[in-house]
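Report on the structure given below.
The values are calculated or read from the model by the stated rules, or taken from the named source; none is laboratory data. Since the structure is predicted, the reported quantities are computational estimates derived from the model, not experimental observations. Neighbour counts are summed over all protein chains in view; Cβ atoms, including those assigned to glycine, are modelled from backbone coordinates with ideal geometry.
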Amino acid sequence: MNMAVNTADMADAYERLADAMDALPAGFTRTPNKLEIKLLRLVYTPEEALIASTMSRKLESAAEIAERVGLPEEQVIVLLEGMIPRRMVRADTLALETGVKGLGKVEAKPGQETTAEPVKTYRLSPFLVGWYESYLQESKPTSTEFARIYEQYVIDGGGEKIFCPRPGPQGVIPYRGSLKPEWLEREPHNDIDAHFQRHDRFLVLDCVCKKEKVAAHGHSCGLPIKRCGFVGMPPVVPLSENVITREEAIKLWNELDALGTMVVEGFYGFTMGAEAPQFVGGCHCCGCCCSILNAARLFAVPPGSGALPLRMAHLGETIQRSNYRVVKNTDTCSSCLECVRRCQFFAHTYDKATDTQPVYHREKCVGCGACGMGCPTGSLHLEPVSEDEWFHVPSSFTEWEERRLEGLAPGVK
C-alpha cells in the first residue's frame, strides 16, 4: 500500500501504540527492556501500528481516524478491516447522531448533514484477552519467538497491570451441574446447560495457551489441546473438525470435566454478544499452560516455599473467583485424594506424615467446584459466599472496563 507517511512518525508508531495499549483498562505494562515493543513489531505492520497508535477505547469512524493521521479514508478503512479478524481492532455499527457525546456515538461536524444511515465505528482492541490469542491461534512461523518474548515479558513485570486489577481478565465458571437452579437464576452466565440447549452446533478450538507453551518450550502438559470455545454457531454453519454437533460438544465437555480442567471465561464474554447476560462459551484451562491461572496458582503457594520467584510477586491473584466456595464434610471424607489431584490452586493439601485426610483451605478456593464433581463420597459441594464477599459481575464489556479503571491506582489510568 502506498502511504505518504513521515518516516519519523512511522519509527515512533510502535512506542505510541504501546502507550495506547497500556492506556486501555486491560493494560499493556511497559517494561525496562521494552519487550512489549518486540511483541508489537511481530504483530502489527508499521502502517497498522501508525493507525492503531492514534486509537483508544472510544468508538470512532474511519473518517475521523483518517483525518487525524492525515491519510485517505479508503486506505485507513483497508487497514482497519484487515486488523479486525486478528482482533487488533474491534468494530461496531451505530446510528450517526448529532450532538450526542460518549462511547459509541459519532458526532456530526459543523456543516455535515445528519442522516439515519448507520456508520461503522472502530476502537483499539486489548492485548489480552484480544490479539494475543488471535496471533498464537494462527500458528505463525514467528510463534516461537513471540511465545518466548511473552513469557519473559510477564516475568519482567508486563503482567502487573494486565493480571492484578479487579475485575480480573478471566472469571471462574463453576462446574456444570454443581449449582442449584435458583443460583443459576441469579447468575445466568453460569448456566452451561442452557447454553447447550440454545444451539445445535458449537465451535471448539485448540487451547492457545498450550500452543504457546509448545512454541516456547517444545512441549506442554498431557491434557488434550482441543478444549476452548464451545461457542454456539448457527445451524447453517457446516460441520467440520472444529464445528461439532451438540451431542459431540457435550460429550467432549464432560470428558474435559472428568480430567479436572477448569472452566474460565475471558472478559466475561457471556455479556459481549448476547442481549442479556448468559453463558456463551468458555475454555477448559489448566494451570500448567494458562499464564493467568499459572500465576494465580503459584501465588497460592504459602510464602517462603520457594515456588514463586520474587520477580513474579507482582502478579497478584490474577483470576476472578466465582461467587461460590467449597464446603467440606470431614465425617464422610474417604481420603481418596481426588480433591488434591483436581484442585489447581492447592486449596486441598495432604501430608501423609501428619494428615489423616486432605486439608481444605478455603482462602485458596476459587469456586470452580472441580473437587466436588470428582468426590466419590459427595463430601464436597459449593455454597454461595456472603453478600459482603459477593462479586457483582459486570453486565457488559464497557462496564468491565469502567470497573477496571476504578480498580487501578491513581495516575495509572
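Among the residues of the range 192-232, write down those that are outside any loop (DSSP other than H, G, I, E, B) and aliphatic (A, V, I, L, M).
So the first thing to find is which residues in the range 192-232 are outside any loop (DSSP other than H, G, I, E, B), and the list is 192-198, 201-206, 208-217, 226-232.
Selection gives Ile192, Ala194, Leu203, Val204, Leu205, Val208, Val214, Ala215, Ala216, Val231.
Conditions (1) buried (at least 16 other Cβ atoms within 10 Å of the Cβ); (2) more than 22 Å from the chain's Cα centre (by Cα); (3) at pLDDT 95 or above, marked per residue:
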position: Ala26; (1), (2), (3): yes, no, no
position: Pro32; (1), (2), (3): no, yes, no
position: Leu35; (1), (2), (3): yes, no, yes
position: Ile51; (1), (2), (3): yes, yes, yes
position: Met55; (1), (2), (3): yes, no, yes
position: Ala63; (1), (2), (3): no, yes, yes
position: Ala66; (1), (2), (3): yes, yes, yes
position: Val69; (1), (2), (3): yes, yes, no
Q) Assuming Val263 fulfils every condition listed in (1) touching a helix residue (DSSP H, G or I) at 6+ places or on another chain (Cβ under 9 Å); (2) farther than 23 Å from Arg166 by Cβ; (3) modelled with pLDDT under 85 apart from one, which condition is it? A) (2)
Q: Read through the list (1) touching a residue at least 12 places away in the same chain (Cβ under 8 Å); (2) more than 25 Å from Ala26 (Cα to Cα), then give the number of the only condition that Leu184 fails.
A: (1)
Q | Complete set of residues in the range 182-209 that are acidic (Asp, Glu) and buried (at least 19 other Cβ atoms within 10 Å of the Cβ) | A | Glu187, Asp191
